[in-house]
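Worksheet: one structure, shown below.
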Amino acid sequence: KIPTKWPLTPDEYKRYGRQMIVPNIGIQGQLNLKNSKVLIIGAGGLGCPSSVYLAGAGIGTLGLVDGDIVELSNLHRQILHSTSSVGMKKVDSVISYLKKLNPNVRYVAHPHHLTPQNAAEIVSGYDIVLDCTDHPTSRYLISDTCVLLSKPLVSASALRTDGQLIVLNSPPLPQGNPEGGPCYRCIFPKPPPVDSVVSCGDGGILGPVVGVMGVLQALETVKYIVAGGNSGEGNSMLLFSAKGTTGFRSLKMRKRNAKCVACSSASELTLEGLKEMDYSLFCGVSAPVSVL
Amino acid sequence: KIPTKWPLTPDEYKRYGRQMIVPNIGIQGQLNLKNSKVLIIGAGGLGCPSSVYLAGAGIGTLGLVDGDIVELSNLHRQILHSTSSVGMKKVDSVISYLKKLNPNVRYVAHPHHLTPQNAAEIVSGYDIVLDCTDHPTSRYLISDTCVLLSKPLVSASALRTDGQLIVLNSPPLPQGNPEGGPCYRCIFPKPPPVDSVVSCGDGGILGPVVGVMGVLQALETVKYIVAGGNSGEGNSMLLFSAKGTTGFRSLKMRKRNAKCVACSSASELTLEGLKEMDYSLFCGVSAPVSVL
Amino acid sequence: MSSENTIPILVEFTGGLEMLFGDERKHKLSIPSKDEQGNAVNIGWLVKYLCDKVMKDSRKEMFVLDGHVRPGILVLINDADWELEGEASYALLPNDNILFVSTLHGG
Amino acid sequence: MSSENTIPILVEFTGGLEMLFGDERKHKLSIPSKDEQGNAVNIGWLVKYLCDKVMKDSRKEMFVLDGHVRPGILVLINDADWELEGEASYALLPNDNILFVSTLHGG
Ligand SMILES: [Zn+2]
Ligand SMILES: [Zn+2]
C-alpha cells in the first residue's frame, strides 16, 4: 500500500517528524534507527530510562536481558515498573510498558541473567549493547563478549549521588587492532577488591542521578546509530555528581591497552573459552551466577 | 495502626529506602519530600521525565498544568503518554501513569493553559515550580507569578541537540530584596524578537536531549526540598549540547538586577496587576492565549 | 598569527547561534589589540567585528539589534555573565573565551 | 604557603573516594617540590603522601594495595588518564590537578 519511494509510513513520519528535522538526523538517520538492533542488559535504574527513550526514537529491535523480578524498593528509580508489577519479571514489566508507548518496535525479552554460557548467543543478535547492570562480574562478562563479537558497548553506572558513562569498544574493531576503542579491561585490568564494591542496594541511589545516566546512554546510542558508527572523536569518560553544585566533567581516557587480555593481539580470549570463564572467581566473589 | 514514633509507614521505608540511605537524605529528607507540594507547568518533553522522577521520589503533592492533548508526534520524547492516549488531555494521561508508579502521591490535574488570570491561584498552592513550557510568553508569566508569590522556579528548555537549565528566584526572597535569586526578567529583561523564537515543533528535538534536561529539573527540585531550601551556592546556568562530543558547561550568572521590572525594589508588579498583563503583546506575538 | 598588535581569543556560539556563523561552534580569532581610536578593544567592538567579518548569514538582526546584542542572547566572558564583567565595555585580554548563547524556549 | 621549595596542587576525590578523606572532594595542597632523594616529586610519591598525611580513614587498603593505587581507582592528571602521562612516574608541576575516581558499578 505504501509507495516504495516513501521509505517510512505516514504514521512514522508523524511520530518521528520532530526528531527527523533535527540537523544530521533526517530520513537517513531515522532509517538507521529503524534498521538497528539494540540490546539493553539490565532492566533497572539505567535500563528503564535508556529503553524508554530508545523505544520512543524508533529503534528497530530492542532486546532486554534481566532475570530479576520487580521489588517495591526499585520503584523510586526504576520508573517503568508500576506498583502492580511487583513480583513480575522486570523485562516483562518494561516491555509491556514500551509496547504501549511505541508498538512499531520489535521487543525481545531475555528473562534470564546473562551468563558466560548464554552471553555470546544473546549478544550476537544485536548491533550495539548497553551495560545497565549492577556488578563488576557482569561488566567484565559483557565487555569480553562485546570484544569477541565486535559490538560497541555503551556503559554507565551510578551510586548515591554520582554517575559515570563511557562508550567502549568504539570503533568495535577486531581483537589485536590498536585502532579499536578500549574495552572495560583496558581501563580496569584488575577487578576491584570485593570490599570496595558497593551496590545501589547497599549504598543507596538518588533516582534522578541514575535516570540522567540512563538517558545519556540512550543519547549516545542514538548518536552512534544515526552517524552509522563511531564518530572517532576519541575516548572520553563522563563523570556526573549531584553533590553540592550539580556538575559534569569529561575525562580523556587511554586507547586500547597493548597488553589487554581481552582486546589486544596478546589476548587468548575466544568465544569457546568465554564459556569456561569464572567471573565470580575472577572478581573474588562467592556469589552465585544470579548476581550477573 | 502505625506507631507514632515511626514517621513513615513500613511500605514507605521499603519503597524509599534506597534513597533514604544516600548521605544527606535520611528520614528528614524523605519527610521533607513527603511534605512538599510541587507544581509542574507543561506535561510534555520536560514534564514527563521530571514528573516521573518526582513521583518516584515520594513528593507529597504533585500538580500538573497543561491544556494540550496528546499527539502522535509527541510520543518520541513525551515518554509517559501511550499510543492509545492520543487525543487525551496530557495531564490526564501523565497522571494516570504516575498513579500506577506511586499511588502514595497526591496528584492534582490542572487541565488548562496557565493564564495571567489563573496563574496566581494555581501557583499559590505549591512550594516550588518547574517551568516545562515551550514559549517565552509562558516563561515570563511563570517567572512573574513566582516572584510575586515567593516561589523558587526550576526552569529548563531544549531545542534540537541543546538544553539549558537554571534555578530562578532562589532563595525566593520578596521583591526588592537584593539577596534573592535572579528572576527570568533579571536574565532576559527584553523578550527575544519573534523571528528568533523556535519551538520544538518547528526546530525539532532529540528525545534524550529534552529527557536529560527534565530529569535534571527533578534532581534540582529534590535537592532543594531535601536541603530545606536553597543551598546558596550562587546562580549558575547549565548548558548541554549533544552536538559532536556530548558536553555540559556551567556558567556563572548575574544576581538580581537592581532595575528589574519584576523582582527589584523599583518593580510595580503586583498580583492585581498581573491579571491585566498581556504577555503576547509583550513578546510581540499575535498568538492566542492558548500558546501559554 | 599573534603579534604585539593582535590578541588571540576564542569565540563560541551555542543554542543555535552557530548556524549564523557557518555552523561552527568555535572560532579561534586573532583580533587587533586596539580599535581605530587607539583604545583597547572591548566586547562592543568585538560584536561589531563578528557581525562584519565572521557572520555568514545575511540576517544580521538575528545577532545585533539597534547596535546591541539582540535580546535573548547571553554573553559570557570566561564562563561568567558579562553583566558581572562590565558588559560591552569589558576590554578583551589575550586568550579570553567569549561565549554567545541563544536562549532556548522549547520543552 | 607556596615557596621555592613547595608547589601548589589541587587533589580531588570522587565516586565515593572522598569519604576516605574527611568527606572533602577538593584538597588544595602545598607539597615539597623534591623528595628525600632530591628528585622531583611524582604521582607515586603523592599517593604515599596522601595515604600518610591526608587520609582520615584507617582502611588504607581502600586506596593503596601492594604499594599501588588499588584496582578500581582511576587517576587523572589534568583530566587525562594518567596512562597517557606516564602513570606513577609523572613528575608533578605547579597547579596540576590530580583526580582520583573510584569506579561505580551500580545501575
Ligand atoms: Zn581491552
Ligand atoms: Zn528580576
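Among the residues examined, residue B:8 qualifies as surrounded by fewer than 22 Cβ atoms within 10 Å (Cβ to Cβ) and assigned to a loop (DSSP other than H, G, I, E, B).
Residues that are farther than 26 Å from residue A:172 by Cβ and either of a type in the set (S, T, N, Q) or at pLDDT 90 or above (or both) were ranked within the range A:230-247; the one that is nearest to the chain's Cα centre (by Cα) is A:241. Hey, does the range D:83-93 have a residue that's touching a helix residue (DSSP H, G or I) at 6+ places or on another chain (Cβ under 7 Å), part of a helix (DSSP H, G or I) and under 18 Å from residue A:164 (Cβ atoms)? Scanning the range D:83-93 turns up no residue that is touching a helix residue (DSSP H, G or I) at 6+ places or on another chain (Cβ under 7 Å), part of a helix (DSSP H, G or I) and under 18 Å from residue A:164 (Cβ atoms).
Residues that are closer than 26 Å to residue A:250 by Cα, more than 10 Å from chain A (Cβ to nearest Cβ) and assigned to a strand (DSSP E or B) do not occur anywhere in the range D:47-63.
When residue B:217 is tested against (1) touching a residue at least 24 places away in the same chain (Cβ under 8 Å); (2) facing another protein chain (nearest Cβ under 8 Å); (3) within 13 Å of residue B:165 (Cβ to Cβ), exactly one condition is not met: (2).
Which residues, counting only those in the range C:65-85, are within 13 Å of residue C:101 (Cβ to Cβ) and more than 7 Å from chain B (Cβ to nearest Cβ)? Residues satisfying the conditions are C:69, C:73, C:74, C:75, C:77, C:82. Just one residue in the set D:5, D:42 is touching a Leu at 6+ places or on another chain (Cβ under 7 Å) and open to solvent by 10 Å² or more (accessible area, probe 1.4 Å); that residue is D:42. Within the range B:181-197, the residues that satisfy the criterion of being more than 7 Å from chain C (Cβ to nearest Cβ) and under 18 Å from residue B:254 (Cβ atoms) are B:181, B:182, B:183, B:184, B:185, B:186, B:187, B:189.
Among residues of the range A:166-186 being open to solvent by less than 10 Å² (accessible area, probe 1.4 Å) and on the phi < 0 side of the Ramachandran plot, the one that is farthest from ligand 1 (Cβ to nearest atom) is A:170. Residues in the range B:112-135 that are more than 14 Å from the chain's Cα centre (by Cα) and at pLDDT below 95: there are none. Cβ-Cβ distances below 6 Å connect the following pairs, each with a first residue in the range B:260-279 that is of a type in the set (Lys, Arg), a second residue that is open to solvent by 80 Å² or more (accessible area, probe 1.4 Å) and away from ligand 1 (no atom under 16 Å from the Cβ), and a separation of six or more residues or different chains: B:275/B:117. When A:126, A:97 are checked against the criterion of being touching a Leu at 6+ places or on another chain (Cβ under 6 Å), within 30 Å of residue B:222 (Cβ to Cβ) and of a type outside the set (Lys, Arg), a single residue qualifies: A:97.
Yes/no per residue for (1) in contact (Cβ under 8 Å) with a residue 60 or more places away in the chain; (2) within 11 Å of ligand 2 (Cβ to nearest atom); (3) farther than 20 Å from residue B:262 by Cβ:
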position: B:131; (1), (2), (3): yes, no, no
position: B:176; (1), (2), (3): yes, yes, no
position: B:185; (1), (2), (3): yes, yes, no
position: B:189; (1), (2), (3): yes, yes, no
position: B:194; (1), (2), (3): yes, no, yes
position: B:199; (1), (2), (3): yes, no, yes
position: B:204; (1), (2), (3): no, no, yes
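Against the list (1) assigned to a loop (DSSP other than H, G, I, E, B); (2) exposed (fewer than 13 other Cβ atoms within 10 Å of the Cβ), the condition residue C:106 fails is (2).
The residues in the range C:47-71 that are open to solvent by less than 40 Å² (accessible area, probe 1.4 Å) and more than 17 Å from residue C:14 (Cα to Cα) can be counted, and the count is 0.
Is at least one residue of the range D:26-36 under 30 Å from residue A:74 (Cβ atoms) and touching a Pro at 6+ places or on another chain (Cβ under 6 Å)? No. Might you let me know whether the range C:79-90 holds any residue that is over 27 Å from residue B:136 (Cβ atoms) and open to solvent by 50 Å² or more (accessible area, probe 1.4 Å)? Checked the range C:79-90: at least one residue is over 27 Å from residue B:136 (Cβ atoms) and open to solvent by 50 Å² or more (accessible area, probe 1.4 Å). Whenever a residue of the range A:243-256 is within 13 Å of chain B (Cβ to nearest Cβ) and farther than 16 Å from residue D:99 by Cα, its partners that are part of a loop (DSSP other than H, G, I, E, B) and acidic (Asp, Glu), lying with C-beta atoms within less than 7 angstrom and at least six residues away or across chains, give the pairs A:244/B:233; A:245/B:233. Residues that are within 14 Å of chain C (Cβ to nearest Cβ), of a type outside the set (Gly, Ala, Ser) and over 13 Å from residue B:114 (Cα atoms) within the range B:137-163 comprise B:153, B:154, B:159, B:160, B:161, B:162, listed in sequence order. Could you check, for the range A:119-132, whether at least one of its residues is assigned to a loop (DSSP other than H, G, I, E, B), within 11 Å of another protein chain (Cβ to nearest Cβ) and open to solvent by less than 20 Å² (accessible area, probe 1.4 Å)? Yes: one or more hits. Taking first residues from the range C:42-57 that are on the phi < 0 side of the Ramachandran plot and partners that are open to solvent by 20 Å² or more (accessible area, probe 1.4 Å) and among the small types (Gly, Ala, Ser), the Cβ contacts under 6 Å between residues at least 6 apart in sequence or on separate chains come to C:42/C:89; C:42/C:91; C:43/C:88; C:44/C:88; C:56/C:22.
Which of the residues spanning the range A:164-177 are assigned to a loop (DSSP other than H, G, I, E, B) and within 14 Å of another protein chain (Cβ to nearest Cβ)? Even if it seems obvious, please write down each step before you answer.
In the first step, residues of the range A:164-177 are kept if they are assigned to a loop (DSSP other than H, G, I, E, B); the result is A:169-177.
Of everything in the range A:164-177, just one residue is assigned to a loop (DSSP other than H, G, I, E, B) and within 14 Å of another protein chain (Cβ to nearest Cβ), namely A:170.
List the helices (runs of 4 or more DSSP H) that sit entirely inside the range B:191-284 and contain at least 3 residues that are open to solvent by less than 70 Å² (accessible area, probe 1.4 Å). Before the answer, list the steps.
Working: elements: B:200-203, B:207-226, B:271-274, B:279-282.
In the range B:191-284, B:200-203, B:207-226 are the helices (runs of 4 or more DSSP H) which contain 3 or more residues that are open to solvent by less than 70 Å² (accessible area, probe 1.4 Å).
The values are calculated or read from the model by the stated rules, or taken from the named source; none is laboratory data. Because the structure is a prediction, the values reported are computed rather than measured. Reconstructed Cβ throughout: ideal geometry from the backbone, glycine too, with neighbour counts over all protein chains shown. Remember, those area values only see protein heavy atoms, side chains included, never the ligands or the DNA or RNA. Shrake-Rupley method; radii C 1.70, N 1.55, O 1.52, S 1.80 Å.
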